Amino acid sequence: MTFFNLIKAEDFMLPCLNKQLFGIDCLGCGIQRATILVFKGDFLMAFKMYPAIYTLFLLTLFLIFNLFIKFKYDYTIKMVLIFLNVGIVVISYFIKIIH
């Protein structure tokens, strides 16, 4: 058994202060667990945990790529991805609250 088998990423996750103080989820609840699930290869469960996980990865990759290579419609693409992510996060949050 190696050292890395003893350490779990779940042991280092930050708690949600909103959930601890008020007892309800925040808009970001689930993103850490979903990210860990993506790196473990459980893609469907990651989507169920936090539906915006893949569009957030896409936005992050685009922003990093855009640091090095500039092109004509980069601002428009950034805005579309940001609004798409905000929409997915808000809609999935309301669906989670309702159920």
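The values are calculated or read from the model by the stated rules, or taken from the named source; none is laboratory data. Small disclaimer: the values here were computed from a predicted structure and weren't measured. No Cβ is skipped: glycine too gets one built from the backbone with ideal geometry, and neighbour counts run over all protein chains shown. The area values use the complete protein model at the heavy-atom level, side chains included, leaving out ligands, DNA and RNA. Shrake-Rupley method; radii C 1.70, N 1.55, O 1.52, S 1.80 Å.
Listing for the model above:
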read-out: Filter pass, Gly23 being under 16 Å from Lys96 (Cβ atoms), exposed (fewer than 10 other Cβ atoms within 10 Å of the Cβ) and of a type outside the set (Asp, Glu); value: yes
read-out: Selection within the range 1-25 - at pLDDT 75 or above and outside any helix (DSSP H, G or I); value: Lys8, Met13, Leu14, Pro15, Cys16, Gly23, Ile24, Asp25
read-out: Residue in the range 10-18 that is over 30 Å from Tyr73 (Cα atoms), acidic (Asp, Glu) and open to solvent by 90 Å² or more (accessible area, probe 1.4 Å) present; value: yes
read-out: Any pair with Cβ under 6 angstrom, 6 or more apart, that starts in the range 47-67 at a residue that is touching a residue at least 12 places away in the same chain (Cβ under 8 Å) and ends at one that is charged (D, E, K, R); value: Met49/Arg33; Asn66/Asp74
read-out: Residue within the range 31-48 that is at pLDDT below 95 and outside any helix (DSSP H, G or I) present; value: yes
read-out: Tabulated pairs, the range 14-40, first under 15 Å from Val89 (Cβ atoms), second surrounded by 10 or more Cβ atoms within 10 Å (Cβ to Cβ) and among the aromatic types (Phe, Trp, Tyr), C-beta under 7 angstrom, 6+ apart or interchain; value: Leu27/Tyr93; Gly30/Tyr50; Ile31/Tyr50; Ala34/Tyr50
read-out: Index of the failed condition, Pro51 passing every other in (1) at pLDDT 90 or above; (2) part of a helix (DSSP H, G or I); (3) open to solvent by less than 50 Å² (accessible area, probe 1.4 Å); value: (2)
